[in-house]
1. Would you confirm, using the coordinates I've provided, whether ILE150 is surrounded by 13 or more Cβ atoms within 10 Å (Cβ to Cβ) and either in contact (Cβ under 8 Å) with a residue 12 or more places away in the chain or in contact with a Cys (Cβ under 7 Å, 6 or more places away or on another chain) (or both)?
2. Taking GLY145, is it touching a residue at least 60 places away in the same chain (Cβ under 8 Å), surrounded by 14 or more Cβ atoms within 10 Å (Cβ to Cβ) and not hydrophobic (A, V, I, L, M, F, W, C)?
3. Of the residues in the stretch 23-40, how many are surrounded by 13 or more Cβ atoms within 10 Å (Cβ to Cβ) and either outside any helix (DSSP H, G or I) or β-branched (Val, Ile, Thr) (or both)?
4. In a helix (DSSP H, G or I), among the basic types (Lys, Arg) and either under 20 Å from CYS80 (Cβ atoms) or in contact (Cβ under 8 Å) with a residue 24 or more places away in the chain (or both): is that true of ARG168 in this structure?
5. Return yes or no: is THR181 surrounded by 14 or more Cβ atoms within 10 Å (Cβ to Cβ) and hydroxyl-bearing (Ser, Thr, Tyr)?
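The values are calculated or read from the model by the stated rules, or taken from the named source; none is laboratory data. The structure displayed is predicted, hence computed values, not measured ones. Every residue, glycine among them, receives a Cβ derived from its backbone with ideal geometry; neighbour counts consider all protein chains shown.
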Amino acid sequence: MKRSLEQLVVALVKLPGIGRKTAQRIAFYLLKQPDVAREMADSIVEASSKLRPCPVCFSLTEEQQCDVCSDPSRDHSIVCVVEEPADVLTLEQSGQHRGAYHVLGGILSPIDNVGPDDLHVKELLARAAGGVREVIIATNPTTEGEATAIYVARQLKATGVRVTRIARGLPVGSDLDLADTETIQRALEGRREL
């Protein structure tokens with residue numbers, strides 16, 4: 001394989017969920033479509049030069065503050081804590097959260113040497129002390145996500161802020177017999193009145 005093609009494949013493999021064979025297919029596609037490749041490269045360069053963390057919530061923005069933090073119609077007394085900026089986008093697309101956000105910038109992961117000081121927990125505690133009445137923890141249901149949720153909740157207890165966790169359970173359209181026991185347990189724990 002030519003050196004430049006190999007460099008492209010190696011670069012694409014660094015993307016999450018992309019293995020070597022998929023990277024090769026993408027590389028050959030991009031080489032066949034030079035306009036698409038150029039547009040993609042320009043978009044990546046522009047996004048990486050213009051986007052930066054919001055100084056309030058640590059989501060991404062091109063402005064002084066992100067759209068959510070600068071929106072006076074949002075309920076800034078309710079803060080939803082997420083792992084990464086992509087999680088903000090996911091929750092915003094649902095249209096169900098009209099409060100603010102706080103991006104931790106990752107999760108606790110001793111294996112990866114990520115501890116509490118590597119996350120935006122101190123900034124969250126400062127926000128909580130400034131008029132926040134509820135913090136909704138929306139980390140992923142992984143071992144590290146759960147450990148991070150427990151750690152953040154314990155830190156917030158001292159502020160007197162109400163701390164809640166998003167519910168876990170069965171996805172819409174799924175069959176009960178396909179769910180694992182932990183998912184069923186969480187679904188039963190998170191049940192509510194109809």
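1. Against the criterion (surrounded by 13 or more Cβ atoms within 10 Å (Cβ to Cβ) and either in contact (Cβ under 8 Å) with a residue 12 or more places away in the chain or in contact with a Cys (Cβ under 7 Å, 6 or more places away or on another chain) (or both)), ILE150 does not qualify.
2. yes
3. 1
4. Judged against the criteria, ARG168 is not a match.
5. no
Each row is one residue, and each column tells you yes or no for (1) outside the structural domain of THR139 (by TED's automatic domain parsing); (2) surrounded by 14 or more Cβ atoms within 10 Å (Cβ to Cβ); (3) modelled with pLDDT under 95.
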residue	(1), (2), (3)
LYS14	yes, no, no
GLY17	yes, no, yes
LYS21	yes, no, no
ASP42	yes, no, no
SER59	yes, yes, no
CYS66	yes, yes, no
GLY99	no, yes, no
VAL103	no, yes, no
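Here is a yes/no grid of residues against (1) in contact with a strand residue (DSSP E or B) (Cβ under 6 Å, 6 or more places away or on another chain); (2) in contact (Cβ under 8 Å) with a residue 12 or more places away in the chain; (3) over 22 Å from VAL161 (Cα atoms); (4) in a strand (DSSP E or B):
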{"position": "PRO55", "(1), (2), (3), (4)": "no, no, no, no"}
{"position": "PHE58", "(1), (2), (3), (4)": "yes, yes, no, no"}
{"position": "GLN65", "(1), (2), (3), (4)": "no, no, yes, no"}
{"position": "ASP71", "(1), (2), (3), (4)": "no, no, yes, no"}
{"position": "CYS80", "(1), (2), (3), (4)": "yes, yes, no, yes"}
{"position": "THR90", "(1), (2), (3), (4)": "no, no, yes, no"}
{"position": "GLN93", "(1), (2), (3), (4)": "no, no, yes, no"}
{"position": "HIS97", "(1), (2), (3), (4)": "yes, yes, no, no"}
{"position": "TYR101", "(1), (2), (3), (4)": "yes, yes, no, yes"}
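Table: residues versus (1) within 30 Å of ARG133 (Cα to Cα); (2) hydrophobic (A, V, I, L, M, F, W, C).
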site	(1), (2)
GLU6	no, no
PRO16	no, no
MET40	no, yes
GLN65	yes, no
HIS76	yes, no
LEU89	yes, yes
